[in-house]
Amino acid sequence: MLSVQRQVHDAIAGAVRRHYGVADVPPFAVEVPPNRALGDLAVTVAFQLARTLRKAPRAIALELAGALGDLPGISRVVAAPNGYLNLYLDRPSFLLARLRGDVAAAVAPPEKTIVEHTAINPNKAAHIGHLRNAALGDTLARVLRFSGAPVEVQNYIDDLGVQVADIIVGFRELEHQTLDDVRRIAETTRFDYHCWDLYSRVTEWYEGESARLAVRAAALHDLEHGAGDTAAIGAFIVDRIVRAHLKTMARLNIEYDLLTYEGDILRLQFWAHAFEILKAQGAVFLQTEGRLAGCWVMRIEENGSESAATDESGDAREKVIVRSNGVVTYVGKDIANQFWKLGLLGRDFRYRLFSRQVDGRPLWATTSEASDPAAPPFGHARRIYNVIDSRQMYLQALLSQALRTLGHPQEAENSVHFSYEMVALSHATARELGYRIAPESEEARKPFVEVSGRRGLGVKVDDLLDLLIEKASNEVAKRNPEFPDAERRRVAAQIAVAAIRYFMLKYSRSKLIVFDIEEALSFEGETGPYLQYAVVRANNILLKLHEREGLTEADVVGALDAANAGEIIGANQVDQDDPHSLWAVVLEASRLEETVDQVVRTLEFSVLAKFAFGLAQTFNAFYHRYSILNEEQVEKKRWRAAGVAYFRAQLTRALDLMGIEVPSRM
C-alpha cells in the first residue's frame, strides 16, 4: 500500500502543478479512510490549497478529479462533498500483483546502520529485565532491514566492569576457589546460574563490612590492567557467561553480527586516542576544585547549551570521564566506542571468529590479538541506535554532546538513544515462579513485583521460557493428542517465544511492563499465540484446498485472470462497504509496509504489534462470516482462497519482524 500511496501523491502533486500553476505544492496526506464507503484512499490536498487558491475545498476536489485523468491501479476518483478526494483501487489487479510479486519494494537510501542491544553484564544468567532490551533491539534491526537499510547488530560486552570483579571476589573470598576450581565448577554446574547466586551472596558480603569494598577495588584494578590470576579468572568467567547469554538469546530467535569487548577499547588504545581528541577540543577539562578535583570531567549541557545548574552540594553539574586515580569511567569508553562506530576515531578493532549461530551465520568478536583476514568490515555507520533503558538517558546525551563539541552535529543527530522502561512481574506470576512475599509487607501492597538481579530477586530468562514451554506443551497436547513428543515440544517452544516477544512489544516503550504468564500465553486476545493461530488457520485452509481439489496457491492465482471479480469488487454497495469482506482483509494486509514505515519513523513497535493483532481480527471475522472451502461457486472460492494466501503471507512477515515463528500446527 505504501508504494501506491506514494504514486498517488506524486500524481496529484503533478496535477496541482499543471492545473493551477502552483510550483510549491503544500504538504498533503494520502490516507486510508476509516471505512470503505469513503474510498480505499482519501486525499486532503484540497484543504491545503483552499486558502492559496481562494476556493472552497469541494470545488478544488471536483477540478482535480477531472484533471487527474487515468491513474494506474485506480478504478475511479470521487470528489466528496466535504472536499476530500476519494480514490477506489482496481481491486483485482491490486491483489494479483501482490500475490505474484509484481510490486517493487521502495528503495531506501543505502545508509549503513548499527543497532547495539542486549549488552548484559557477563556475570550471571540473563533475567527478564534484559528481555525487553533484546526484543526491542532485535525487532528494530529486523524492521530496518525490511525497509532496505544495511544493518549491523552489535552486542557490547563489559568484560572489565565491577560486576565481573564482584564474581571474581565471590569465587576467591567466599568460595576460596582457584582458576582451576572455577573451570571445574563451570564443567559440572549450570555456570550462569551458579554465578547468579554467587553475585547475590557477594553483595551481602560487602554490606556486612564496608572495608570489604577495598577487595572489590583491588580486583577491579587488576582486571583492568590485565594482572595475573585476576585477569585470567575474569576472562574465563566472561567467556562462559557470554556463551550462556548467546544460547539463551538464540532460544528467542535473537542473533548478532559482532561482540564488542570493552577491554579491547583500552588495550587497543581507543580510549587514549579519543581522550587526546576530547582534551584538544576542550570537550573535557581537568577539575582543580571541589569534590571532583583531579578528575577529567565533561560539563553537562541542557537544551543544547552548558547548564549553570548545580547539584545538591553546590557543584556545577559535571560528569566524571576520568577519575582522579587515572581510571576511565564507562562513559569515557562509550564515547570512544561511539566515535569508532561512526568512523571518526581513525582506528579499528581486530577481529576473531567467535562462533557459528543457529542459522549458520558467523558471529565475530573484537580482539587485541592478530585479526582474522576473513573478517568483514565493521563500524563506519551513518546512523546508530543504542538500545538502553531510560535510566541512562543523560549519559547517552553526553555521547551526542561530545560529537557536537568536536564539530560533528550530523553524527550527533544520527546517534539515537532508543530508550525504554523496565519490566516487573504480576503478583500471580511472581508466586508461580517461586517468589515468597510476606502478606503484610510493603512489597505485597504494590500493584506489581519489582525485580533486582543484584539481590537475586529476578526471573531468569531460561526459567521463564521453560515454564512457558511446559504450559504451552500441555495446551498443545490437549488440542492435538496425536502429536509426537518432539513436535509437541517444538510447537510449544514457538508458542512460548511468541508469548514473550509479543508481550514485550505490544506496550509503548515509554511504559513499564507488568509481565503476566497467563495473559501472555493465552490463545485468545492480544497475544502472540493468537496471531500464530490465525496464520495456522489460514495454512489449514490452503492445505485442505490442496488435499480436496489438488490446487496449489499458484493454481488458484493463475485461474483468477479470467474469473469474475465480483467477489473482491463487491456485487453491491453493502458488499463493498462490509468491514468483514474479502477486500477488507486484503486492504488491511496491504498496510504492512505503511506500518513498518511508521514504526521506523516513530520507533514505536506497539504500532506493529497492534497492526498484526488488528489484521488477525479482521481475518478471523471474515473466516467466521464467509465460507471458503465449502463455497459452491468456484470463482468465489478461488478469490477467497487468494485473499487467504495474501493474508497468510503478510501476517507471517509481520510476525517475522517481531521474531515470531509460525508453528506447522497448533
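The values are calculated or read from the model by the stated rules, or taken from the named source; none is laboratory data. Quick caveat: nothing in here was measured; it's all calculated off a predicted structure. Neighbour counts are summed over all protein chains in view; Cβ atoms, including those assigned to glycine, are modelled from backbone coordinates with ideal geometry. Ligands, DNA and RNA are excluded from the accessible area calculation, which covers all protein heavy atoms including side chains. Shrake-Rupley method; radii C 1.70, N 1.55, O 1.52, S 1.80 Å.
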Enter the Cα centre distance for the pair the range 527-542 and the range 636-662, rounded to the nearest angstrom. 9
Could you order peptides 246-255, 149-158 by the average number of other Cβ atoms within 10 Å of their residues, highest first? 149-158, 246-255
Just to confirm the filter: which chymotrypsin sites (Phe, Trp or Tyr not before Pro) across the range 313-370 are DSSP coil and have at most 10 other Cβ within 10 angstrom of their Cβ? none
Where the accessible area of the chain is counted over protein heavy atoms with a 1.4 Å probe, how much of it, in %, is carbon and sulfur? 49
Taking only C-alpha pairs under 8 Å that are 6+ residues apart, what is the relative contact order of the chain in percent? 14
Relative to the first principal axis of the alpha-carbon coordinates of the chain, what is the inclination of helix 179-188, with its axis defined by its Cα atoms, in degrees from 0 to 90 and to the nearest 10? 40
Please compute the length gained on full extension between Glu432 and Glu632, using 0.36 nm multiplied by the number of residues separating them and subtracting their Cα-Cα distance. 66.9 nm
Tell me which of Ile167, Ala232, Ile120 sits at the most positive position along the dipole axis of the range 93-237, charges placed on C-beta atoms (Lys, Arg +1; Asp, Glu -1). Ile120
Pick out, in residue order, every one of the GluC sites (Glu not before Pro) in the range 415-449 that is DSSP loop and has at most 15 other C-beta atoms within 10 Å; say none if there are none. Glu440
Can you tell me which aspartates and glutamates have their Cα less than 18 Å from the Cα of Lys544? Leave out same-chain residues fewer than eight positions away. Glu553, Asp555, Glu631, Glu632, Glu635
Between the range 139-204 and the range 14-33, what is the separation of their alpha carbon centroids in Å? 57
For the chain, share of DSSP beta bridges that run antiparallel, in % to the nearest 5: 60
accessible surface per residue for the range 1-139, probe 1.4 Å, DNA/RNA/ligands not counted, whole Å² -> 43
Along the charge dipole of the chain, Cβ charges K/R +1 and D/E -1, which of Ile265, Ala61, Ala218 sits furthest on the positive end? Ala61
Charges only on Cβ, +1 for Lys and Arg, -1 for Asp and Glu: so what's the dipole of the range 534-614 about the Cα centre, in debye to the nearest 20? 320
Once label points are set 7 Å from the Cα along Cα→Cβ at both Ala293 and Thr552, what is their separation, rounded to one decimal in nm? 8.2
Leaving out ligands and nucleic acids, note down the accessible area per residue over the range 406-503 with a 1.4 angstrom probe, in whole Å². 48
In terms of the charge dipole of the range 308-451, which places +1 on Lys and Arg and -1 on Asp and Glu at the beta carbon, the residue among Val416, Val449, His427 farthest towards the positive end is Val416
With x for Gly and Pro, the residue-by-residue ³J(HN,Hα) of the range 609-618, computed from phi through the Karplus equation 6.51 cos²θ - 1.76 cosθ + 1.60 at θ = phi - 60° and given in whole Hz, is 4, 6, 4, 4, 5, x, 5, 4, 4, 4
Highest first, please rank the peptides 63-76, 201-214, 35-48, 387-400 by the mean number of other Cβ atoms sitting within 10 Å of their residues. 35-48, 387-400, 63-76, 201-214
Roughly how big is the range 522-666's charge dipole about its Cα centre, with Cβ charges of +1 (Lys, Arg) and -1 (Asp, Glu), in debye to the nearest 20? 300
Quick one: dipole size for the range 141-288, taken about the Cα centre, charges +1 on Lys/Arg Cβ and -1 on Asp/Glu Cβ, in debye to the nearest 20. 460
